[in-house]
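To keep things clear, I will list the structure first and then write my remarks on it.
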Amino acid sequence: MLATPDLAAVAALIADPSRAAMLAALLGGISLPAGELARLARISPQTASSHLSRLVEGGLLAVRINGRHRYYQLSSPQVAHALEALALVAPAPRVASLGHSLEIEAVRKARTCYNHLAGRLGVTLTQTLIEKGYLLFHEEAYELSQSGEDWFSNIGVEYGQSARKRANFARTCLDWSERKPHLAGPLGVALTRRLFKLEWIVRVEGSRGVKVTPFGRQQLELELGMEWPG
């Protein structure tokens with residue numbers, strides 16, 4: 001008997017295309033009801049209910065009950081990290097229609113990777129912060145410089161000193177679509193949360209995609225000299 005975690009059990013849960021589609025829909029760090037997940041996976045509500053029960057029992061999803069409604073979300077950041085890692089080696093999605101092509105491009109352009117920015121926007125923003133000297137790149141992690149600390153503070157990013165002491169405070173996350181790292185960890189989460197609050201970025205309804213607002217484009221150029229065509 002192997003003295004290692006049962007990878008086959010997790011792989012079996014993810015292997016079903018419908019369950020994989022529902023897991024992918026939740027990678028944006030959001031909670032969705034069963035009906036919406038059924039629609040996104042293109043299956044009946046009854047079939048979705050069975051799949052969701054298996055994912056909850058298998059520890060990949062958590063469920064929150066609000067009145068008569070059940071909202072599902074990934075059970076932990078570790079699940080999101082595992083799914084993102086699989087995306088790095090998974091085949092590219094097959095384009096089924098023009099609408100599907102546009103959806104794929106939107107997700108590649110800008111999205112949330114569970115709770116931090118990813119896609120071209122996440123990679124470009126991270127690279128800009130490095131070029132400005134606000135972040136120092138150290139292979140598997142970033143270091144926040146003094147000028148970077150000042151800039152993050154000036155735009156109201158709050159992360160707490162206890163988070164700063166954690167080893168993963170400003171870790172790198174290899175972007176599956178760009179094949180380049182972007183900022184993750186508590187610092188990446190805090191920055192993303194602040195950009196949403198400032199309304200520099202907003203979520204794309206019905207998708208894990210994100211878009212930069214006209215005000216956000218103006219501020220990114222003003223603050224960082226960063227031009228974003230989105």
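Some values worked out for this structure:
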quantity	calculated
Mean shadow area of the chain, taken as a quarter of the surface of its Cα convex hull (nm²)	14.8 nm²
Helix-only mean residue ellipticity at 222 nm for the chain, each DSSP H run of n ≥ 4 adding -39500 (n - 2.57), per residue, nearest 500	-14500 deg cm²/dmol
Karplus-derived 3J(HN,Hα), 6.51/-1.76/1.60, for each residue of the stretch 185-200, Hz, glycine and proline x	x, x, 5, x, 5, 5, 5, 4, 4, 5, 5, 5, 5, 6, 6, 6
Residue list for the stretch 114-145, given a label point 7 angstrom along the Cα-to-Cβ vector of Glu178 and an amide N cut-off under 12 Å	117-131
Phi to ³J(HN,Hα) by Karplus 6.51 cos²θ - 1.76 cosθ + 1.60 over the stretch 115-131, Hz, x for Gly, Pro	9, 9, 6, 9, x, 4, 5, x, 5, 5, 5, 4, 5, 5, 5, 5, 4
Net charge, Ala21 excluded, C-beta distance under 15 Å - Lys, Arg +1, Asp, Glu -1	+3
Net lengthening on full extension, Leu222/Glu57 (0.36 nm per residue, minus Cα-Cα)	54.6 nm
List Tyr71, Tyr142, ordered by accessible area with a 1.4 Å probe, largest first	Tyr71, Tyr142
With all protein chains modelled, accessible area of Ser44 [1.4 Å, Å²]	50 Å²
Distant-in-sequence amide H partners of Gly209 (H built 1.01 Å from N, under 5 Å)	Val204
Debye intensity ratio in log₁₀ form over the Cα atoms of the stretch 1-75, taken at each q of 0.19 Å⁻¹	-0.72
Residue with peak Gaussian network fluctuation, the chain [Cα springs, cutoff 10 Å], from Thr124, Thr112, Thr213	Thr213
Alpha-carbon centroid distance for the pair the stretch 103-165 / the stretch 168-224, whole angstrom	7 Å
Range in the chain, longest, excluding exposed trypsin sites (Lys or Arg not before Pro) [loop by DSSP; at most 15 other beta-carbon atoms within 10 Å]	95-164
Residue-wise HN-Hα coupling along the stretch 149-160, computed from phi with Karplus coefficients 6.51, -1.76, 1.60 (Hz; x: Gly, Pro)	4, 5, 5, 4, 5, 5, 8, x, 6, 10, 10, x
Lys132 versus Asp150: modelled label distance in nm, points set 7 Å from Cα along the beta carbon direction	1.3 nm
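The values are calculated or read from the model by the stated rules, or taken from the named source; none is laboratory data. These figures come from a predicted structure and were not determined experimentally. Positions of Cβ are generated from backbone atoms using ideal geometry, with glycine treated the same way; all protein chains shown enter the neighbour counts. Surface accessibility is based on the protein's heavy atoms, side chains included, excluding ligands, DNA and RNA. Shrake-Rupley method; radii C 1.70, N 1.55, O 1.52, S 1.80 Å.
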